[in-house]
Amino acid sequence: MKTISIVIFIWLNVFHDVFSDCGCQKLNRKSPDMPTISGQVCQQRAQSAHSHYRDYYGELEPKIADMSLIPGGTVYVGTDKAHFPADREAPERQVKLNDFYIDKYEVSNDAFAKFVLHTNYTTEAERFGDSFLFKTLLSPSEQKDLEDFRVASAVWWYKVAGVNWRHPNGVGSNLDNLGRHPVVHVSWRDAVEYCKWAGKRLPSEAEWETACRGGRDRKLFPWGNKLMPRNEHWLNIWQGDFPDGNLAEDGFEYTSPVDAFRQNVYDLHNIVGNVWEWTADLWDVNDVSDNPNRVKKGGSYLCHKSYCYRYRCAARSQNTEDSSAGNLGFRCAKNA
């Protein structure tokens, strides 16, 4: 493998403090909040000895096509400038990682459909018969009919019968023109089963965050600190007033194709924004319950700085293993 060193621009703008949350971490299937009734090409730069990148293009085996090789070593994860202390973003710390591969793209509907075709797998949302949907995907009459099924602390989320990965945007929706969009309404357990079938696994939180940072310590985003370099959109998040008035200035009101935004030198797309991504890690390492919370990373197309400033590499949140929602997906990893 060759090591290549190319210069990348460094942006220095740092963002202001944030206030609250979009409620995404409250979308646990058995959440106490639920009433019982009724988401440009970067140039590579010189890397330090422990964070070099490898020119492996054209040399990958077919079984790991569309994956990027991430160099291990001693890396920084977390931050000492936590925006959400309750999320345990702090402190910054060093961890040691082996080299690993991670998918360049979130798992798409097309890819997940192949898995289901080969295995006859049924997702947990399909077995439960419902999943969580954001309010703007429901008509005013549907919102009124389902008002008793809102998440009490995040009333823009509704638990809707008949919604699952095959019907991602409502009971009457389908996957037409969404083949290259990320699969959603998949639980942590669904994601684990897909990765196993693909000969892969979910990334650890440290692996995910290391891949997100692109070999650059202490940067907010995969490409640096400025949200919109050259005044261009580099991710799919909410523009406008949340939870109403999405301006979709980045080109997407809901999910975007998995290859829409290339975000760092590791050739990773949509690792922040678009959909939250499951990781392998427990939220509480001592949780031995049957349905523990697992760490999710990256934010989604519903994130806005005023409510859910979690499209930063260090940001994190959680849901129970059996939870699913219209802005929650995953990508896989593999040992090098």
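Please treat every number below as a calculation from the coordinates, not as lab data. Bear in mind that the values here come from a model prediction, so they are computed numbers and not experimental data. A quick note on method: Cβ atoms are made from the backbone with ideal geometry, for glycine too, and the neighbour counts reach across all protein chains shown.
For a 24 Å ceiling on Cα separation, which of these pairs sit above it: 196/219; 305/334; 296/334; 104/159; 114/135? Where the Cα-Cα span goes over 24 Å, the pairs concerned are 196/219; 305/334; 104/159; 114/135.
Straight-line reach from residue 200: taking Cα to Cα under 17 Å and skipping same-chain neighbours fewer than 8 places apart, the aspartates and glutamates in range are 61, 66, 99, 103, 106, 190, 277, 281. With R₀ set to 35 Å, the beta-carbon distance separating residue 153 from residue 74 gives a calculated FRET efficiency near 0.35. Among the GluC sites (Glu not before Pro) in the stretch 98-167, none is located in a DSSP loop while being surrounded by at most 13 other Cβ atoms within 10 Å of its own Cβ.
Taking each residue as 0.36 nm, the span from residue 285 to residue 128 lengthens on full extension beyond its C-alpha to C-alpha distance by 53.8 nm. Take every pair of alpha-carbon atoms less than 8 Å apart whose residues are at least six positions apart; their mean separation over the length of the stretch 70-335 yields a relative contact order of 24 percent. In the stretch 130-201, the inverse of the mean reciprocal separation of distinct Cα atoms equals 13.5 Å; this is its Kirkwood hydrodynamic radius. Neighbours of residue 244, meaning other residues whose beta-carbon lies under 13 angstrom from its beta-carbon, give a summed charge of -1 when Lys and Arg score +1 and Asp and Glu score -1.
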